[in-house]
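S.K.: Please see the structure below; I have some questions.
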């Protein structure tokens, strides 16, 4: 017999009168109890409730409003400290082997084979030395930083970084995932540019690419640390010099983060207008990293890939540096002519002509800035007892370094402005090439090259003006 809807409701209502008054509550309680039992059984089967509990507790710390940023700062500071401290010994060993032992053997072999001094100079003192500097300075820190970064990635911490900084980046019109690309830029800006592929929005990906250069890469850390130690550390008692130098370098790195936010805000409201997109970020569970995968990803896909690109660009730069110091026009070398031409602009920026020339000829790799500065200073100032000759890059201890720089007309203002210019200047050739490969546009590549240079010029000129006004 087919019942109408009205009859069905009538019979349901009549049955309801035969149920206890608290039937609804009992049914609800029974359903909740069954659900809890089912969840408990499955949770235990998948690893127990303890794992869920400690993951929630860890998330309260790593993603909290106050503890999240603090823990993020502490973790990345620890990684940078491990990278810098851990790279000192292997960098020294590599430098001693490649430059202290192999280079003299190559010179002896060239002399024994009666190779032309010009060919030997270009090939050994130019091309070989520049690549040896890049390898000895770049390889150890990248071999430490990238595995540590990959461990954080595999562990599941990097999505928490994006979660912590998502709101800040959205306020400046950028994407929350830019926090990850900015962090990757601390190891290498070229790798940071490649990492921008994780951002789906083309506009926000371009913003991340154009501003990645404000992250201090490992090629610029040696310059920052060395100048801070020699100039900033000398302002305080010896037992505080290390703290003062580290604090000044940290301040420059924080300024870089500030420039990233400021330039992202500016681009999002001018050349790259648009609303910041939202993204659904699911925080993955914490999991132990895979050692083999970590080593392969960090050493093969990242370290060797970036190092090879740097070597390709550094080799011809070494030849240019040697030629500029050995080819003369009239009574002065090409380097001397360039230094004299750049000196007025350099004075306006609180720098020296030697520094600006070093940054021009060492565009392929920031790692050879200090050796190039020392070589050019010794030659231009006519100093003796330092280095192995014109066009031969070298490094020295802090005392000799200060003596060379003082003879080259350096002051505390020069050191401060160099730290600022080291933060905000054009990307290295490897990064420039990577930007072109990622954007496919020479227009945006040129903008990414000159935009930070303009910011660095403005910073240095402003600091130099105020400094001279007050001092």
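S.K.: Out of every Cα-Cα pair in the range 179-260, what percent are more than 18 Å apart? Can you show the working numbers first?
M.R.: Numbers: 1578 of 3321 pairs.
Value for the range 179-260 (Cα pairs over 18 Å): 48 percent.
S.K.: Something else now. Can you give me the Kirkwood hydrodynamic radius for the range 120-177, using every pair of distinct Cα atoms, in Å to one decimal?
M.R.: Its Kirkwood hydrodynamic radius stands at 14.5 Å.
S.K.: Quick one: what does P(r) look like for the range 389-471 with 10 Å bins over all Cα pairs, in whole %?
M.R.: 15, 30, 30, 20, 4
S.K.: Same structure again: Within 10 Å of each residue's Cβ, count the other Cβ atoms and sort 239, 305 from fewest upward.
M.R.: Taking fewest neighbouring Cβ atoms as first place, the list is 239, 305.
S.K.: Relative contact order, percent, of the chain when contacts are C-alpha pairs under 8 Å separated by at least 6 residues?
M.R.: 17 percent
S.K.: For every helix of n ≥ 4 consecutive DSSP H residues, a contribution of -39,500 (n - 2.57) applies; sum these over the chain, divide by its total residues, and give [θ] at 222 nm rounded to the nearest 500 deg cm²/dmol.
M.R.: Numbers: 22 runs with 323 residues, N = 471.
My calculation for the chain gives -22500 deg cm²/dmol from helical runs alone.
S.K.: Along the Cα→Cβ direction, 7 angstrom out, place labels at residue 402 and residue 461. What is the inter-label distance in nm?
M.R.: 3.3 nm
S.K.: Assuming 0.36 nm per residue, please report the length gained on full extension of the stretch residue 53 to residue 239 beyond their Cα-Cα distance.
M.R.: Gain in length upon complete extension: 62.5 nm.
S.K.: Can you tell me the alpha carbon radius of gyration of the chain divided by the globular rule-of-thumb value 2.2 N^0.38 Å?
M.R.: 1.29
S.K.: Measure nothing fancy, just the Cα-based angle from helix 369-381's long axis to the longest principal axis of the chain, in degrees from 0 to 90, nearest 10.
M.R.: The angle comes out at about 20 degrees.
S.K.: Hey, another quick one. Quick one: in the range 101-150, what % of C-alpha pairs are over 16 Å apart?
M.R.: Percent of Cα pairs beyond 16 Å in the range 101-150: 51.
S.K.: A further question on this structure: What FRET efficiency would be calculated for the residue pair residue 74, residue 200, taking the C-beta separation as r and a Förster radius of 30 Å, to the nearest 0.05? All intermediate terms of the calculation are to be shown ahead of the outcome.
M.R.: Details: r = 30 Å, r/R0 = 1.01.
For R0 = 30 Å, the calculated efficiency reads 0.50.
S.K.: Could you tell me the relative contact order of the range 57-154? Use alpha-carbon pairs under 8 Å, at least six residues apart, and round to a whole percent. Don't skip to the answer; put the middle values down first.
M.R.: On the way: 46 pairs, mean separation 37.1, N = 98.
Averaging sequence separation for qualifying contacts and normalising by length gives 38 percent for the range 57-154.
S.K.: Also, quick follow-up: Output the Cα-based Rg and Dmax of the range 155-199 in Å, rounding Rg to one decimal and Dmax to a whole number.
M.R.: When restricted to the Cα atoms of the range 155-199, Rg and Dmax are 10.1, 29 Å.
S.K.: If one takes the longest principal axis of the Cα atoms in the chain, at what angle in degrees, from 0 to 90 and to the nearest 10, does the Cα axis of helix 334-348 lie?
M.R.: 60 degrees
S.K.: Here's a follow-up. Rounded, prolate or oblate, given the Cα gyration tensor of the range 195-307, with a/c below 1.5 counting as rounded?
M.R.: Oblate is the answer for the range 195-307, as a/c is 1.5 or above yet b/c matches or exceeds a/b.
S.K.: Quote the relative contact order of the range 301-363 in percent (integer), defining contacts as alpha-carbon pairs under 8 Å separated by 6+ residues.
M.R.: 26 percent
S.K.: A further question on this structure: Given the C-alpha centroids of the range 76-94 and the range 400-471, what is the distance between them in whole angstrom?
M.R.: Each part reduced to its Cα centre gives a spacing of 24 Å.
S.K.: Name the shape class, rounded, prolate or oblate, that the alpha-carbon gyration tensor gives for the range 78-202, where a ≥ b ≥ c are the square roots of its eigenvalues, rounded holds for a/c under 1.5, and otherwise prolate holds if a/b is larger than b/c and oblate otherwise.
M.R.: Verdict is prolate for the range 78-202.
S.K.: Something else about it: Using a Förster distance of 30 angstrom, determine the FRET efficiency expected from the C-beta separation of residue 388 and residue 82, and round it to 0.05.
M.R.: The value I calculate is 0.35.
S.K.: Moving to a separate point now. For the chain, find the longest principal axis of its Cα atoms and tell me its angle to the long axis of helix 398-407, 0 to 90°, nearest 10.
M.R.: 60 degrees
S.K.: Could you tell me what fraction of 2.2 N^0.38 Å the Cα radius of gyration of the range 209-252 comes to, as a two-decimal ratio?
M.R.: That ratio works out to 1.30.
S.K.: Additional query: log10 I(q)/I(0), Debye, Cα-only the range 270-385, no solvent, q = 0.11, 0.12, 0.23 Å⁻¹?
M.R.: -0.62, -0.67, -1.24
FYI, it's all coordinate maths here, none of it is from the lab. Keep in mind that this is a model prediction, so the values were computed, not measured. So basically every Cβ, Gly included, is an ideal-geometry build from the backbone, and we count neighbours across all protein chains shown.
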